[in-house]
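The values are calculated or read from the model by the stated rules, or taken from the named source; none is laboratory data. Just so you know, these numbers come straight off a predicted model, no measurement behind them. With ideal geometry, Cβ positions are generated from the backbone for all residues, glycine too; neighbour counts draw on all protein chains shown.
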Amino acid sequence: MIHVFGHKNPDTDSIASAIAMAWFKRAQGHEAMAFRLGDAASESRFALTQFGIELPPLLREVRPDVRHLEFDRHAPLSPQDSILTAYRNLGDASAKALAVTEPDGKLSGIVTMKDIAMGFFNWKGDLLKTTLANMVDSLEAQILHASCTSIEGRVLVAAFYKDTLIDRSSIDESTIVIVGDRYDVLEHAVRQKAALIIITGGLTIPGKILRHARESDVCMIRTPYDTLKTARLIASCAPVSEIMVRENLTSFYEHDDVSEAREVMAGSRHTTFPVTDASGRYVGFLSRRHLLRPNKHLVILVDHNEYAQSVDGLKEAEILAIVDHHKLGDVVTNRPLTFVCRPVGSTCTLVGDLIREEGIVPPSNIAGILLSGIISDTLNFQSPTTTEEDRTMAVWLSSLIDGSFDLENYAKALLKSGTSLEGQTVEAIFFKDFKIFRDADTSVGVSQIFTYGLEEVEVRKEAILEMVQKTHKEQGFDATVFMATDLLSQGSCLYYKSNISGLITKSFEVDEIQGVFVAGLLSRKKQVIPRLLEEIGLSRQMS
């Protein structure tokens, strides 16, 4: 699946372009989904509600985790399965290990060829506790009489004469007897009500003995194998639960980070590790070879192209495309990609153009959310970043919206929905739309909010200035700016902290006072960042 997302602290353009781009990829036949990298502002929520679109889910990181690896998914065993079944399944699957699971799928233990070998060597040679079904399966036996489903007893190969067996009291109700065509021994085993009689060689026994066994309710089976092979295989009839490893298992959850799994494997003598889900249910087996080429998240970036503004773990993902209207950032790829970047007022304009170029007509809700992104980022076409391309796209999108849609009234309602500061902490206000910009060894942090009137900002000016100074110190920026843009007076007031003396005066030709109003200052991207970076650069050259 393709993950489509905008920048951290998302604005309406970021969320809207992600939604529309994901829809566009689905229309092209791809599996794609839109995400957000932070809380959605009130303006964005207004637009989503207006056009009946759900808020995209939050995406925290795109580092590959274990579930994205092509690990082995061998069918598990049950604890009751025979050791011989485990041996066969290991061979058939060419697996180094198999899981043993409970009926609910939870991992109970694992078994390897080494465990099977050690089980044979450590077997006492006589005691066996298993099921009749395991005996029949392992010995390819035919049931002559079944009086029970579970078998438990001491294994005896009846190679002695009957008198010797009687003298030694060798056969009783806890004896599993392996015997060929020694009919006198067979009769004695039936009389003693042996736990199980295994007749070897596929021999037909006299009807009298079989009738006696049935009347005495003695369990009896017949195997085509000779006595030697039967004796060799008898231990493999035991349940795999007797030899499986169940303690001190190193396992991984399917959501574990691949880098963490790699680190654990490097310090372990084992080569194969079980994988479970969050409930402890078995999923598969992971080995070192699976880490060589992990499946990366497929992503499309909209409205940004810098690592600092993007999702955690982006360097470990595969970027398929970038659609943006900002300056070139520091994102690099090791494969060719689709890159769309033009100096327009909104990323939604570019996404809309991609859709239109394909000859696709978006539905009303997608047209509406794209239009919302354009209105928001261009401040209803009043921002200096606005281009004719933005206006033309807005006209086309407006024509696709159902009902009697009034663009001007909607634009006013949309912008006003995002201006109220009531009920928000200063920290929430400051970081609602906060972006970091870097150029060479210069870094600048700029927060921007939009208001209808500056009264709500002025009553918070002391707290805002404290937040500016705190952020500047903690982040080590060259300049930190809080920009409150008033849509009524078409300008912005600035609160700032800078390492460069007179930076605000040099950049905007205004007095160097906190809360200074700069008429016509609307665009952070086009009017603020370039001037700050330029003046900081000049200041350093002169120092």
Scan Ile176, Ile151, Ile171, Ile166 and give me the residue that is assigned by TED's automatic domain parsing to the domain that holds Ser216 and in contact with a Ser or Thr (Cβ under 8 Å, 6 or more places away or on another chain).
-> Ile151
Does Glu215 qualify as being in contact (Cβ under 8 Å) with a residue 40 or more places away in the chain and either closer than 30 Å to Ala158 by Cα or surrounded by 15 or more Cβ atoms within 10 Å (Cβ to Cβ) (or both)?
-> no
Given (1) crowded, with 21+ Cβ neighbours inside 10 Å; (2) closer than 28 Å to Asp104 by Cβ; (3) in contact with a Phe, Trp or Tyr (Cβ under 6 Å, 6 or more places away or on another chain), number of the condition Ser82 does not satisfy = (3)
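Could you tell me which of the residues His290, His297 is in contact (Cβ under 8 Å) with a residue 24 or more places away in the chain and in contact with a strand residue (DSSP E or B) (Cβ under 7 Å, 6 or more places away or on another chain)?
After ruling out the rest, the residue left standing is His297.
Being of a type in the set (A, V, I, L, M), in contact (Cβ under 8 Å) with a residue 40 or more places away in the chain and under 21 Å from Leu454 (Cβ atoms) is the filter here, so list the residues in the range 490-543 that pass it. Please lay out each step first, then the result.
Initial filter on the range 490-543 (of a type in the set (A, V, I, L, M)): 494, 500, 503-504, 510, 513, 516, 518-519, 521-522, 528-529, 532-533, 536, 538, 542.
Keeping just the survivors that are in contact (Cβ under 8 Å) with a residue 40 or more places away in the chain gives 522, 528-529, 532-533, 536.
Matches in the range 490-543: Leu522, Val528.
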Here the residues within the range 117-133 that are crowded, with 18+ Cβ neighbours inside 10 Å and among the aliphatic types (A, V, I, L, M) are Leu128, Leu132
If we keep only residues of the range 227-277 that are among the β-branched types (Val, Ile, Thr) and touching a Phe, Trp or Tyr at 6+ places or on another chain (Cβ under 7 Å), then the residue surrounded by the most Cβ atoms within 10 Å (Cβ to Cβ) is Val275
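Of these, Ala479, Ala484, Ala463, Ala519, which one is in contact with a helix residue (DSSP H, G or I) (Cβ under 6 Å, 6 or more places away or on another chain) and either surrounded by fewer than 20 Cβ atoms within 10 Å (Cβ to Cβ) or acidic (Asp, Glu) (or both)?
Values: Ala479 fails: either surrounded by fewer than 20 Cβ atoms within 10 Å (Cβ to Cβ) or acidic (Asp, Glu) (or both); Ala484 fails: either surrounded by fewer than 20 Cβ atoms within 10 Å (Cβ to Cβ) or acidic (Asp, Glu) (or both); Ala519 fails: in contact with a helix residue (DSSP H, G or I) (Cβ under 6 Å, 6 or more places away or on another chain).
That would be Ala463, the only listed residue that is in contact with a helix residue (DSSP H, G or I) (Cβ under 6 Å, 6 or more places away or on another chain) and either surrounded by fewer than 20 Cβ atoms within 10 Å (Cβ to Cβ) or acidic (Asp, Glu) (or both).
From the list Lys497, Lys526, pick out the single residue that is closer than 29 Å to Asp13 by Cα, modelled with pLDDT under 95 and in contact with a Ser or Thr (Cβ under 8 Å, 6 or more places away or on another chain). Walk me through how you get there before you give the answer.
On the way: Lys497 fails: modelled with pLDDT under 95.
Answer to the selection: Lys526.
Quick test for you: out of Ala32, Ala99, Ala95, pick the one residue that is among the aliphatic types (A, V, I, L, M), surrounded by 14 or more Cβ atoms within 10 Å (Cβ to Cβ) and within 30 Å of Ile401 (Cα to Cα).
Working: Ala99 fails: within 30 Å of Ile401 (Cα to Cα); Ala95 fails: within 30 Å of Ile401 (Cα to Cα).
One residue alone meets the criteria, Ala32.
If you take just the helices (runs of 4 or more DSSP H) that sit entirely in the range 31-128, which of them hold at least 2 residues that are β-branched (Val, Ile, Thr) and farther than 30 Å from Gly313 by Cα? Reasoning before the result, please.
Working: elements: 42-50, 83-93, 113-122.
In the range 31-128, 83-93 are the helices (runs of 4 or more DSSP H) which contain 2 or more residues that are β-branched (Val, Ile, Thr) and farther than 30 Å from Gly313 by Cα.
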When the range 265-277 is checked residue by residue, the ones that are of a type outside the set (S, T, N, Q) and in a strand (DSSP E or B) are Phe273, Pro274, Val275
Give the residue, chosen from Phe450, Phe430, Phe482, that is out of contact with any Gly (no Cβ under 9 Å at 6 or more places or on another chain), within 16 Å of Gln527 (Cβ to Cβ) and in the same structural domain as Leu521 (by TED's automatic domain parsing).
-> Phe482
Picking from Val323, Val361, which residue would you name as being in contact with a strand residue (DSSP E or B) (Cβ under 8 Å, 6 or more places away or on another chain) and more than 21 Å from Lys432 (Cβ to Cβ)?
-> Val323
Just to be sure, is Val177 assigned to a helix (DSSP H, G or I), within 19 Å of Ala213 (Cβ to Cβ) and of a type in the set (Val, Ile, Thr)?
-> no
Starting from the range 145-165, keep only residues that are over 13 Å from Ala189 (Cβ atoms), then list their pairs with residues that are buried (at least 17 other Cβ atoms within 10 Å of the Cβ) and of a type in the set (Asp, Glu) whose Cβ atoms are within a distance under 9 Å, requiring at least 6 positions of separation or different chains.
-> none
Of the candidates Asp406, Asp402, Asp353, Asp390, the one satisfying the condition of being among the charged types (D, E, K, R), over 22 Å from Ser42 (Cβ atoms) and at pLDDT below 95 is Asp402
Determine which single condition Ser420 fails, assuming it passes every other condition in (1) over 33 Å from the mean Cα position of the chain (by Cα); (2) surrounded by 15 or more Cβ atoms within 10 Å (Cβ to Cβ).
-> (2)
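What helices (runs of 4 or more DSSP H), lying completely within the range 425-543, carry at least 1 residues that are of a type in the set (Gly, Ala, Ser)? Explain how you work it out, then say what you get.
Details: elements: 426-431, 455-458, 461-475, 503-508, 529-542.
Once the helices (runs of 4 or more DSSP H) in the range 425-543 are filtered for at least 1 residues that are of a type in the set (Gly, Ala, Ser), what remains is 426-431, 461-475, 503-508, 529-542.
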Is there a residue in the range 229-247 that is at pLDDT below 90, touching a Leu at 6+ places or on another chain (Cβ under 8 Å) and in a loop (DSSP other than H, G, I, E, B)?
-> no
Being among the hydroxyl-bearing types (Ser, Thr, Tyr) and either exposed (fewer than 14 other Cβ atoms within 10 Å of the Cβ) or at pLDDT 95 or above (or both), is that true of even one residue in the range 449-458?
-> no
Hits in the range 56-82 - residues which are of a type outside the set (D, E, K, R) and either in contact with a Gly (Cβ under 6 Å, 6 or more places away or on another chain) or more than 30 Å from Thr130 (Cβ to Cβ) (or both) = Pro56, Pro57, Leu58, Leu59, Val62, Pro64, Val66, His68, Leu69, Phe71
